[in-house]
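All remarks here apply to the structure that follows.
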């Protein structure tokens with residue numbers, strides 16, 4: 001049974017709200033995936049803050065019209081699952097990681113910063129570390145000199161204590 005007009009308007013409004021805050025949309029064909037696998041994919045998406053949903057392509061076209069993602073409209077053909085995220089790499093990463101382990105999920109296209117991406121570009125976007133990973137690496141780099149300095153001070157203090165005791 002199809003959606004009535006009010007339901008369609010509600011879906012378009014919901015997707016439009018997600019798109020308004022999004023930086024990235026990733027699209028994959030999900031033909032033949034079992035329900036249990038989709039449940040796992042949805043759980044991973046929730047953990048990553050990705051809005052993941054199977055939607056009617058016509059409704060998505062309406063929701064992304066006149067947005068930075070409008071160029072993606074030509075790619076919206078077939079049974080698709082949409083990943084929408086505020087994090088620039090999260091949607092691409094969730095779908096790409098899942099596609100590596102499940103050959104029935106096929107990355108198709110995406111959009112980032114107003115540019116339409118093909119499958120290879122979505123995979124390249126997915127390979128970029130997330131914001132949290134980059135911040136953790138930056139913190140590690142920033143802490144290394146401080147830790148080294150603290151160790152040096154501790155060694156000097158210990159050496160002075162040994163010299164004073166001798």
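The values are calculated or read from the model by the stated rules, or taken from the named source; none is laboratory data. Since the structure is predicted, the reported quantities are computational estimates derived from the model, not experimental observations. Reconstructed Cβ throughout: ideal geometry from the backbone, glycine too, with neighbour counts over all protein chains shown.
Miscellaneous remarks
- Residue 107 meets all of the listed conditions (1) over 20 Å from residue 58 (Cα atoms); (2) touching a residue at least 40 places away in the same chain (Cβ under 8 Å) but one, namely (1).
- Whichever residue in the range 115-146 is outside any helix (DSSP H, G or I) and touching a strand residue (DSSP E or B) at 6+ places or on another chain (Cβ under 7 Å) and, among such residues, is surrounded by the most Cβ atoms within 10 Å (Cβ to Cβ): 117
- When the range 80-103 is filtered for residues that are surrounded by fewer than 16 Cβ atoms within 10 Å (Cβ to Cβ), in contact with a helix residue (DSSP H, G or I) (Cβ under 9 Å, 6 or more places away or on another chain) and part of a loop (DSSP other than H, G, I, E, B), only 86 remains.
- So residue 47, is it closer than 19 Å to residue 94 by Cβ and either in contact with a helix residue (DSSP H, G or I) (Cβ under 9 Å, 6 or more places away or on another chain) or not assigned by TED's automatic domain parsing to the domain that holds residue 109 (or both): yes
- Residue among 37, 74, 87, 6 that is closer than 19 Å to residue 126 by Cβ and over 17 Å from the mean Cα position of the chain (by Cα): 37
- Qualifying residue in the range 80-97 (condition: at pLDDT below 90 and over 15 Å from residue 23 (Cβ atoms)): no
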